[in-house]
Amino acid sequence: MAIVEARGLVKRFGEATAVDGVDLNVEAGEVFGLLGPNGAGKTTTISMMCGLLEPTEGDVVVDGHSIRRESTKVKEALGVVPQEIALYPTLTALENLKFWGRMYGLSGGALDERVAEVLAIAGLEDRAKERIETYSGGMKRPINIAAGMLHRPKVLIMDEPTVGIDPQSRNHILDTARELNDAGMTILYTSHYMEEVEALCDRIAIVDHGKVIAQGTKDELRKLVGDEDVITLAVDRADEGVCATAAAVGGVERATVAAEGELEVLATDASETLAPVIQALTAAGVHVRSVDVREPNLESVFLHLTGKSLRD
Amino acid sequence: MRKVITIGWKDMRLVARDKPSIMVLLGMPVVLILILSMALGNVGKGGSNPLPVAIVDRDHTDVSRQIADALVDRDKLGSLLKAKRTSNAEEARREVRMGDLAAMLEIPKGFGAKLDSGQQGVLRVETDPGQATAAEIFRSVVEALSQRVSAAAVAAQTTSHVIADSKFATSEADGHRYVLAAVDAAVKDELDAVAVTQQGKPTGTGMDFNALDYYGAGMAVMFLNFGAMFGAFALLRERTEETLGRLLTAPVTRVEVLAGKAIGIFAIGLLQFLVLFGFTRLVGGHWGEPLAVILVASAQVVAATGLALALAAVAKTQRAVGGIGPVVIMVMAAAGGSWMPVSQMPDSMRPIHLFTINGWSLDAMLRLQAGAAVDNVLPNVVALLAIGLALFGLGLWRLQWER
């Protein structure tokens with residue numbers, strides 16, 4: 001059952017169209033990823049979902065309530081973790097959490113209980129009475145997330161929560177998202193980091209230029225580029241003749257020049273094909289400097305669908 | 001309503017922890033009130049700081065001594081004048097030029113003889129141009145005294161001549177005694193009149209108030225508007241620091257967010273006024289009926305809250321508010337009388353104060369200081385509330401919610 005449904009969402013800012021007819025279905029209990037490069041329209045899409053921006057066209061229904069007609073009900077069902085640290089720097093973590101809890105209607109013992117609970121999840125109970133301005137970037141992030149889940153929302157929207165932090169803090173955030181999902185919370189996770197989305201999400205929508213260009217499970221998306229492994233070879237010479245040499249090897253589906261001095265070979269099984277390909281190239285007088293073998297992933301899906309890398 | 005109050009309370013907490021803001025909102029007005037009231041001293045007839053003056057008696061007659069004695073008599077004019085007697089006219093002149101004295105009075109040689117002969121005597125006054133207002137007060141006292149003494153002496157001498165021409169013969173000594181008695185009475189009458197004016201309540205506007213009272217009100221009114229500027233900063237900071245966006249994704253309406261911000265700005269402004277009100281009273285200032293003063297201050301804080309929203313909406317960024325805000329506030333302060341009384345401005349400039357928050361607020365404060373009742377300032381309160389609502393409307397219309 002879809003807990004979040006976006007239908008024909010459009011957002012225009014003057015002449016510019018930031019979101020162009022997005023349709024999404026997020027099922028209850030899943031981790032849904034919104035993957036796309038910076039500026040693809042991910043944040044604008046979720047801003048319309050949580051009532052921060054009014055859609056130019058279309059609607060979002062959360063837990064059966066339309067954002068256009070029942071925005072308060074939608075906001076009660078959602079928890080939002082913004083991309084930036086949206087906390088008051090001169091208030092302590094405790095004061096911040098209590099303030100945001102009150103904004104969601106919590107008070108008294110229930111508020112104290114929830115604040116203690118999220119502080120434990122953030123692992124910052126012992127520094128709760130220190131001002132946010134004294135925290136490192138990696139410490140602010142968990143409090144930023146904690147403020148979004150105080151009221152135990154049905155859906156937690158996490159907008160690029162790992163931008164600009166160290167790997168250890170990033171792992172902690174991903175673990176937290178998994179734990180919340182295990183506890184039954186639906187997570188809508190946006191990122192331009194393919195690895196995070198691939199590791200965390202059950203289903204993924206790939207967004208580019210304000211449109212959803214593909215949507216499905218990881219396997220469904222991988223199938224869009226076929227089952228072949230991708231062998232990338234750094235060579236001293238990459239041209240049509242070299243491609244023909246590689247393509248003539250058994251088990252090779254296709255060989256192309258990916259970039260200057262870079263050959264990309266699609267093979268049904270890289271473990272069996274790699275050695276013959278290198279032998280053929282060496283015999284043709286091509287010097288192979290390095291080799292990279294990978295199975296189809298979201299990066300190659302994005303490359304396949306848009307002709308550019310996620311990091312472009 | 002609980003969420004509105006929570007937002008307002010949070011804003012008060014944020015300001016309380018912002019030391020630079022506290023310095024501007026409370027420290028600066030306190031310092032300016034003290035400096036201006038000390039520097040400008042007793043700007044009004046009702047002032048409490050005695051004017052330092054010197055009396056130089058070159059005449060050394062009974063009449064000149066009577067006048068000098070009366071002026072240095074602390075019982076009579078102690079609260080208006082701090083007069084010292086000196087025989088060194090050059091030294092007194094130097095002290096006036098240096099600004100150590102507001103003025104000096106010289107009773108010229110032959111002054112008494114002129115009065116004895118039925119002529120008008122002239123008293124010379126030299127003043128410090130740097131203390132023009134205070135010096136003018138002294139000059140006017142001396143001129144009034146001089147005219148009254150001369151008139152009394154002429155009357156006494158004339159009477160003496162009439163008696164001499166009659167069957168009741170009088171000596172020259174008797175005539176001198178009549179003049180002395182008349183001068184004594186005239187001096188007492190004139191200085192009593194000055195003393196009574198001094199002790200009485202101020203009754204006018206503008207320069208009739210002492211500097212502490214005037215600048216206590218003027219600076220409080222001006223810095224309440226600076227409080228509005230900080231309110232605008234706070235609103236825009238919520239936007240740039242993304243907390244406004246987070247607030248709007250919570251189940252809180254935009255009206256609740258704005259009401260919370262407005263309550264915060266209002267409460268901070270009212271607290272700021274109460275601190276300045278308490279401080280000026282503590283150092284001897286007068287405000288009039290406290291509840292009426294707080295009513296006027298509350299109305300001004302409403303207007304300042306509207307100004308905060310309008311500034312945030314029109315300027316759009318903190319940087320722009322930092323540029324536009326002080327200009328708007330200082331122009332309103334200058335035109336509205338916070339720096340100098342509207343009554344001292346040219347006729348062509350005076351109406352401008354009606355278009356400023358300061359003008360309406362300060363006018364009401366000064367009326368209350370002069371002893372006016374609350375109903376006397378209700379039009380000002382209504383005007384301030386109207387300005388506040390108009391600015392609030394402008395803010396609502398132009399405010400940009402998204403970053």
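Restricting the GluC sites (Glu not before Pro) of segment A:237-312 to loop positions (DSSP other than H, G, I, E, B) with no more than 11 neighbouring Cβ atoms within 10 Å leaves A:260. Placing unit charges on the Cβ atoms of the charged side chains and taking the dipole of the protein assembly as shown about its Cα centre, the candidate lying farthest along the positive direction among A:58, A:189, B:285 is B:285.
When only DSSP loop residues count, what trypsin sites (Lys or Arg not before Pro) in segment A:57-105 have their Cβ near at most 10 other Cβ atoms within 10 Å? When the trypsin sites (Lys or Arg not before Pro) of segment A:57-105 are filtered for loop state and at most 10 Cβ neighbours within 10 Å, A:69 remain.
The share of alpha-carbon pairs in segment B:294-342 lying farther apart than 19 Å comes to 36%.
Ellipsoid semi-axes for chain A, based on the Cα gyration tensor and the rule √(5λ), read 44, 23, 16 Å when sorted largest first. Taking 1.306 mPa s as the viscosity and 10 °C as the temperature, the Stokes-Einstein diffusion coefficient of the protein assembly as shown based on its alpha-carbon Kirkwood radius rounds to 49 µm²/s. Within the shell defined by Cβ-Cβ distances under 12 Å, the residues around residue B:312 carry a net charge of +4, with Lys and Arg each +1 and Asp and Glu each -1. Computed from Cα atoms, the angle from the helix A:108-122 axis to the main principal axis of chain A rounds to 20 degrees.
Put a plus charge on the Cβ of each Lys and Arg, a minus charge on the Cβ of each Asp and Glu, and nothing anywhere else: the dipole of segment A:1-91 about its Cα centre is then about 180 debye.
I'd like the orientation of helix A:167-182 relative to chain A: the angle between its Cα long axis and the longest Cα principal axis, in ° from 0 to 90, rounded to 10. Tilt of helix A:167-182: around 70 degrees. Residues whose amide H comes within less than 5 Å of that of residue B:82, counting only those at least five positions distant or on another chain, are B:51, B:53 (H built at 1.01 Å from N in the peptide plane).
Here the protein assembly as shown is treated with +1 on each Lys and Arg Cβ and -1 on each Asp and Glu Cβ, and its dipole about the Cα centre works out to around 2760 debye. Per-residue ellipticity at 222 nm, computed for chain A from helices alone with -39500 (n - 2.57) per DSSP H run of at least four residues, works out to -10500 deg cm²/dmol.
Using C-alpha pairs under 8 Å with a sequence gap of at least 6, the mean separation divided by the residue count of segment A:228-295 gives a relative contact order of 47 percent.
Is the shape of segment A:121-176 rounded, prolate or oblate, going by the alpha carbon gyration tensor and its root eigenvalues a ≥ b ≥ c, with a/c under 1.5 for rounded and a/b larger than b/c for prolate? It is oblate, given that a/c is not under 1.5 and a/b is not larger than b/c.
Just so you know, all these numbers are worked out from the coordinates, no wet-lab data involved. Bear in mind that the values here come from a model prediction, so they are computed numbers and not experimental data. Counting neighbours? That spans all protein chains shown, and the Cβs are built from the backbone with ideal geometry, glycine included.
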